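Below: one structure, written as C-alpha cells.
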Amino acid sequence: MIAVHAAVLMASTLCVLMASTLALYPGAKVDPEFQDLSRSRKSELRQYYTSDSFDKVAAYYRKLGGLQGSESFIDTKTRRRITFREKRDDKNATTIEWSDESGEDKTKTFILVDSAK
C-alpha cells in the first residue's frame, strides 16, 4: 500500500513539474526595477537579468531539450529576442532578450518568465 501511495505522489509531482515554467538560467538575478503592468491576472510575469551574453543564455535553454523556440524570434544588430516553451505548453514561456537601445542595459541579457497562475 505504501508503494502505491509513493507511486501516486511521484506521478502527481511529475505532472506539476511538467506544467511549470522552465528552469531559470543559473546566476540570473531578479530585476528590482521591473513592474508587471501589462499582464492579466491569469499569469505572472517576472524579469531577471544576467551579464552573460544573449548567445550563452540562448544556448543554455536550447540544451534543456524538449523545447520549442517561438516564431517571435528577433535577431538584429540592436535587438535580439527568442521565446522558449515546453512542447504542448501554451501557458508558460521563458523569453530572453537583449538590446543596445538603452545605455546600461546593453551589458545585460534579460530573462522574462511568464507563468500561469
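Residues that are part of a strand (DSSP E or B) and among the hydrophobic types (A, V, I, L, M, F, W, C): does the stretch 49-58 have at least one?
Of the stretch 49-58, the ones part of a strand (DSSP E or B) are 49-50.
If we keep only those that are among the hydrophobic types (A, V, I, L, M, F, W, C) too, we end up with none.
Scanning the stretch 49-58 turns up no residue that is part of a strand (DSSP E or B) and among the hydrophobic types (A, V, I, L, M, F, W, C).
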| query | Here are some residues: A116, A59. Which one is within 15 Å of L22 (Cβ to Cβ), loosely packed, with under 14 Cβ neighbours inside 10 Å and not charged (D, E, K, R)? | reply | A59
| said: Looking only at the stretch 77-117, how many residues end up being basic (K, R) and not in a loop (DSSP other than H, G, I, E, B)? | reply: 5
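Test A116 against the criterion of being aliphatic (A, V, I, L, M), in contact (Cβ under 8 Å) with a residue 60 or more places away in the chain and over 18 Å from P32 (Cα atoms), and give yes or no. Working first, answer last.
Values: aliphatic (A, V, I, L, M): yes; in contact (Cβ under 8 Å) with a residue 60 or more places away in the chain: yes; over 18 Å from P32 (Cα atoms): yes.
Taking the combined requirement at face value, the residue satisfies it.
Read-outs throughout are calculated quantities, based only on the coordinates presented, and are distinct from any laboratory measurement. Computed from a predicted structure; not experimentally measured. Cβ sites come from the backbone with ideal geometry, for glycine too, and all protein chains shown count toward neighbours.
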